[in-house]
1. For Leu326, indicate whether it is farther than 29 Å from Tyr51 by Cβ, of a type outside the set (Ser, Thr, Tyr), buried (at least 21 other Cβ atoms within 10 Å of the Cβ) and within 13 Å of the ligand (Cβ to nearest atom).
2. What's the total number of residues in the stretch 28-45 that are without any contact (Cβ under 8 Å) to a residue 40 or more places away in the chain, open to solvent by 20 Å² or more (accessible area, probe 1.4 Å) and away from the ligand (no atom under 14 Å from the Cβ)?
3. Select from the stretch 252-274 the residues that are open to solvent by less than 80 Å² (accessible area, probe 1.4 Å) and assigned to a helix (DSSP H, G or I) and list them in ascending order.
4. Quick test for you: out of Arg190, Arg245, pick the one residue that is open to solvent by less than 60 Å² (accessible area, probe 1.4 Å), in contact (Cβ under 8 Å) with a residue 40 or more places away in the chain and under 15 Å from the mean Cα position of the chain (by Cα).
5. Please specify each residue of the stretch 329-344 satisfying the condition of being assigned to a helix (DSSP H, G or I) and near the ligand (Cβ under 6 Å from one of its atoms).
6. Are any of the residues in the stretch 170-180 among the β-branched types (Val, Ile, Thr) and within 11 Å of the ligand (Cβ to nearest atom)?
7. With the structure loaded, tell me whether Tyr217 is away from the ligand (no atom under 15 Å from the Cβ), closer than 25 Å to Thr347 by Cβ and in contact with an Asp or Glu (Cβ under 9 Å, 6 or more places away or on another chain) or whether it fails that test.
8. From the list Ile96, Ile134, which one is of a type in the set (Val, Ile, Thr) and either within 20 Å of Arg50 (Cα to Cα) or surrounded by fewer than 19 Cβ atoms within 10 Å (Cβ to Cβ) (or both)?
Amino acid sequence: MAKHKRTAELIYKHELDIATAAVDLHYLRHPELEARYGAAGRAKCLQDARYHLAYLAEAVLAGSTLLFKDYINWAQQMLASRLVPLSDLVTNINCIKEVLAQRLPIEHYIIAAKYLNNAFIQLEGEAEETASFISENAPLQTLANAYLYYLLAGNRHQAYRLIMDAVENNVPVKDIYLHVFQLVQYEIGRLWQLNKISVAQEHYCTAATQMIMSQLYSIIFNTERNGYKLVATCVAGDLHEIGVRMVADFFEMEGWDTYFLGANTPIESIVRTVQEQNADLLLVSATMTYHVRAIADLIEAVRANKETAHIKIMVGGYPFNTAPELWKTIGADACSTNAQHAIEVATKLITVAA
Ligand code: B12
């Protein structure tokens with residue numbers, strides 16, 4: 001794995017140069033793109049090349065072809081739904097490959113090329129269609145669909161009423177979290193990806209759900225304490241805070257004291273907080289695959305500090321759900337795919353350590 005790590009480091013170190021050279025090559029071969037997309041198109045092409053490289057580097061670092069495969073499928077769907085020709089993506093990745101061939105030492109190029117070649121094979125087929133997350137046999141399907149309907153109609157008051165009525169009718173808060181809020185968040189992500197809703201609608205739905213979650217706090221913060229404490233956070237750069245907030249709330253409902261830091265928190269602050277709070281557990285989330293490296297750095301920093309070295313660390317979020325072995329590669333103590341399962345895993349982890 002040392003060679004993989006070095007390959008990823010080299011890609012990251014030179015990513016802007018590699019991406020710029022790849023886009024230059026792309027435009028040299030296809031000068032018509034300048035007229036078709038203009039200067040903004042070139043900037044977008046550069047941004048995309050940087051994303052491809054970031055995902056490539058993380059997949060190589062984790063030794064996970066699954067991570068890159070998932071990304072390519074996502075990119076293919078995104079472009080198709082926006083009527084961008086697939087050939088743009090294929091050419092862009094091909095140019096990246098050519099630049100890597102020139103700039104990486106051969107033993108590192110071979111590693112990166114394997115991931116890129118897999119992408120070409122994958123791109124020969126159709127993108128796998130992502131089905132609706134609110135499936136017909138989802139436990140609270142009717143409630144989830146109605147909630148989504150109200151949010152997309154811009155009617156957060158009705159959405160709020162719907163949830164409050166469900167709570168009054170004894171639907172457990174945990175079920176509402178997992179089978180309504182989480183599923184609806186995934187679904188609005190899918191609809192955005194398929195270009196069926198706008199960024200603004202996605203933001204509106206997310207903000208409304210966060211507001212409605214807050215209204216449930218009198219129930220969540222109402223259980224007997226069990227003496228355990230945790231710190232929950234996203235790493236620097238990652239703005240997706242709802243997943244880890246949900247996990248923290250589940251622990252709160254189990255009697256843990258939770259210290260929730262939210263999105264985008266720098267490593268030093270996290271380490272200091274874990275120490276000051278004398279936490280038993282650190283929960284860290286990343287949604288964007290290119291933030292996994294920051295989690296690996298955080299784990300290293302927690303272990304390097306003798307005051308925090310013993311703390312158990314659990315990780316989770318989109319890349320960990322995509323590549324089930326990833327948590328081991330980065331040295332975490334455990335991982336879990338959702339808030340309910342996280343409680344079970346943490347309970348084992350803490351009782352074994354005690
Ligand atoms: C809301 C949202 C945003 C919001 C976040 C706002 C906020 N305050 O949180 C904003 C607008 C900021 C955003 C930005 C972006 N987003 Co966004 N976003 C989403 C969306 C629609 C929902 C996320 C969410 O709330 N999920 C609900 C929670 C409950 O689920 P969860 O996070 O999976 O959490 C559960 C488990 O994973 C697990 N878990 C999570 N963390 C942890 C931690 C531990 C310790 C444990 C044990 C378990 C655990 O338990 C949780 C609860 O059960 C997702 C769609 C999706 N599929 O998730 C896209 C999505 C993640 N975003 C995406 C993208 C591309 C972006 C942007 C790059 C868009 C852009 N071009 O700017 C940026 C990147 C920003 C950044 N630097 O982080 C893509 C990622 C695609 C990919 N292949 O990587 C997605 C999948 C959308 C899509 N379908 O295309 N986004």
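The values are calculated or read from the model by the stated rules, or taken from the named source; none is laboratory data. A quick note: this is a predicted structure, and the numbers were derived from the prediction, not measured. In this analysis, Cβ positions are derived from the backbone assuming ideal geometry, glycine residues included, and neighbour counts consider all displayed protein chains. Accessible surface areas use protein heavy atoms only, side chains included; no ligands, DNA or RNA. Shrake-Rupley method; radii C 1.70, N 1.55, O 1.52, S 1.80 Å.
1. Judged against the criteria, Leu326 is not a match.
2. Number satisfying all stated conditions: 11.
3. Glu252, Met253, Ile267, Ser269, Ile270, Val271, Thr273, Val274
4. Details: Arg245 fails: in contact (Cβ under 8 Å) with a residue 40 or more places away in the chain.
Within the list Arg190, Arg245, the selection yields Arg190.
5. If the condition is that a residue be assigned to a helix (DSSP H, G or I) and near the ligand (Cβ under 6 Å from one of its atoms), then Ala339, Ala342 are the ones that fit.
6. Yes - at least one qualifying residue is present in the stretch 170-180.
7. yes
8. Ile96
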